[in-house]
Amino acid sequence: MRAGIFQSAGGGKTPAERLNQLDLALKGSSLDIVVCPELFMSGYNVGSDLLKLAEPQQGPFSNQIAKLANTHDTAILYGYPERVGKELFNAAACIGINGELLAHHRKLLLPPGFEHEYFQPGNELTLFEYHGMTCAILICYDAEFPEAVRACAEAGAHLIIVPTALVDNWNSVAFQMMPTRAFENGVWLMYANHAGEENGASYLGASCIVAPDGSDVARAGAEQTLITNKLDLTQVARAQNRLTYLNDLIKLRRTLTTI
């Protein structure tokens with residue numbers, strides 16, 4: 001599967017301008033899937049603007065994403081503020097090339113800070129099949145818990161997709177924690193961050209595609225960019241057969257229950 005991450009610098013830009021940035025980045029890219037950051041549609045550090053920008057599933061922004069997916073012949077996974085009645089969720093949707101909704105995830109865990117003021121937490125894992133791979137979506141803080149990524153891997157995920165909004169004083173999350181999550185589960189991991197600044201928040205960038213052995217196969221710098229790599233399913237089996245963490249975990253659990 002040919003996969004890419006669009007690390008966007010969207011601070012101060014409207015949803016339409018963000019779409020235009022994505023459209024330009026995808027020209028000539030020839031990808032099967034591209035991942036955009038957490039709250040890509042609205043921006044992350046935008047305060048009460050979340051209330052007026054939030055949309056339901058398959059709202060106007062989603063419809064425009066569907067057009068881009070068809071134009072560029074690629075699925076697009078992006079973050080957005082989802083409105084359900086009076087409630088908001090920090091959500092991510094994956095739209096296929098024919099405009100179909102392939103998957104939808106609501107952030108499970110809200111970190112300390114403003115998110116508690118605006119969002120409700122989700123309550124389930126999200127997995128979907130695409131190009132022969134079982135994919136899981138976790139949003140930012142979700143993936144910082146080894147239990148969440150492990151639950152996805154135990155459910156059969158080969159690829160963990162993580163839209164995020166990581167600022168530049170948390171570089172250990174991007175450079176150490178995410179490669180560790182891939183390594184300890186023997187899975188591919190795509191970590192899609194913002195670039196640039198937004199209302200005083202300075203994003204780290206450092207988006208990455210990590211192989212099942214924990215090595216970077218693509219890593220962005222601090223600027224807006226599109227990084228790409230081919231994801232090979234056989235590398236998942238190779239990593240999980242070499243280091244049998246998933247199978248041995250069952251044995252460990254049994255041992256611990258007897259102590």
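The values are calculated or read from the model by the stated rules, or taken from the named source; none is laboratory data. Nothing here was measured: the structure is a model prediction, and the numbers come from that model. Glycine gets a Cβ as well: all are built from the backbone with ideal geometry, and neighbour counts include every protein chain shown.
Can ALA222 be described as on the phi > 0 side of the Ramachandran plot and under 19 Å from the mean Cα position of the chain (by Cα)?
Taking the combined requirement at face value, the residue does not satisfy it.
Consider the stretch 52-72. How many of its residues are exposed (fewer than 13 other Cβ atoms within 10 Å of the Cβ) and either in contact (Cβ under 8 Å) with a residue 40 or more places away in the chain or within 23 Å of ALA206 (Cβ to Cβ) (or both)?
1
Can you say whether VAL173 is part of a strand (DSSP E or B), at pLDDT 95 or above and closer than 28 Å to SER48 by Cβ, as far as the supplied structure shows?
No, not satisfied.
Determine, yes or no, whether LEU226 is assigned to a strand (DSSP E or B) and either more than 18 Å from ILE161 (Cβ to Cβ) or not β-branched (Val, Ile, Thr) (or both).
Considered against the rule, which asks whether it is assigned to a strand (DSSP E or B) and either more than 18 Å from ILE161 (Cβ to Cβ) or not β-branched (Val, Ile, Thr) (or both), LEU226 comes out as yes.
Of all residues in the stretch 79-99 being of a type outside the set (S, T, N, Q) and in contact with a helix residue (DSSP H, G or I) (Cβ under 8 Å, 6 or more places away or on another chain), which is nearest to ASP49 (Cα to Cα)?
Taking the candidates together, the pick is PRO81.
Pull out all pairs, ordered by first then second residue, where Cβ-Cβ is under 8 Å, the residues are six or more apart or on different chains, the first lies in the stretch 157-169 and is of a type in the set (D, E, K, R), and the second is buried (at least 24 other Cβ atoms within 10 Å of the Cβ).
Taking only residues 6 or more apart or on different chains, the pairs are ASP168/TYR203.
Filter the stretch 169-210 for residues that are farther than 20 Å from LEU159 by Cβ and hydroxyl-bearing (Ser, Thr, Tyr) and give the result.
The answer is SER172, SER202, TYR203.
Could you identify the single residue in ILE227, ILE209 that is under 21 Å from SER29 (Cα atoms) and touching an Asp or Glu at 6+ places or on another chain (Cβ under 8 Å)?
None of the others qualify; the one that does is ILE209.
Against the condition within 19 Å of the chain's Cα centre (by Cα) and not hydrophobic (A, V, I, L, M, F, W, C), how does GLU124 come out, does it pass?
When the stated conditions are applied, GLU124 passes them.
Are any of the residues in the stretch 225-241 among the polar types (S, T, N, Q) and closer than 18 Å to CYS152 by Cβ?
Yes, the stretch 225-241 contains a residue that is among the polar types (S, T, N, Q) and closer than 18 Å to CYS152 by Cβ.
Hey, can you tell me all the residues within the stretch 136-148 that are surrounded by 23 or more Cβ atoms within 10 Å (Cβ to Cβ), touching a residue at least 40 places away in the same chain (Cβ under 8 Å) and outside any loop (DSSP other than H, G, I, E, B)?
If the condition is that a residue be surrounded by 23 or more Cβ atoms within 10 Å (Cβ to Cβ), touching a residue at least 40 places away in the same chain (Cβ under 8 Å) and outside any loop (DSSP other than H, G, I, E, B), then ILE137, CYS140, ALA143 are the ones that fit.
Is the stretch 77-85 home to any residue that is surrounded by 18 or more Cβ atoms within 10 Å (Cβ to Cβ) and of a type in the set (Phe, Trp, Tyr)?
Taking every residue of the stretch 77-85 in turn, at least one turns out to be surrounded by 18 or more Cβ atoms within 10 Å (Cβ to Cβ) and of a type in the set (Phe, Trp, Tyr).
Condition first: surrounded by fewer than 17 Cβ atoms within 10 Å (Cβ to Cβ) and in contact (Cβ under 8 Å) with a residue 24 or more places away in the chain. Now tell me which residues in the stretch 17-47 satisfy that.
ASP23, LYS27, SER29, SER30, GLY47
Only one of these is in contact (Cβ under 8 Å) with a residue 24 or more places away in the chain, surrounded by fewer than 24 Cβ atoms within 10 Å (Cβ to Cβ), among the acidic types (Asp, Glu) and within 30 Å of ASN63 (Cβ to Cβ): GLU124, GLU115, GLU129. Name it.
It is GLU115.
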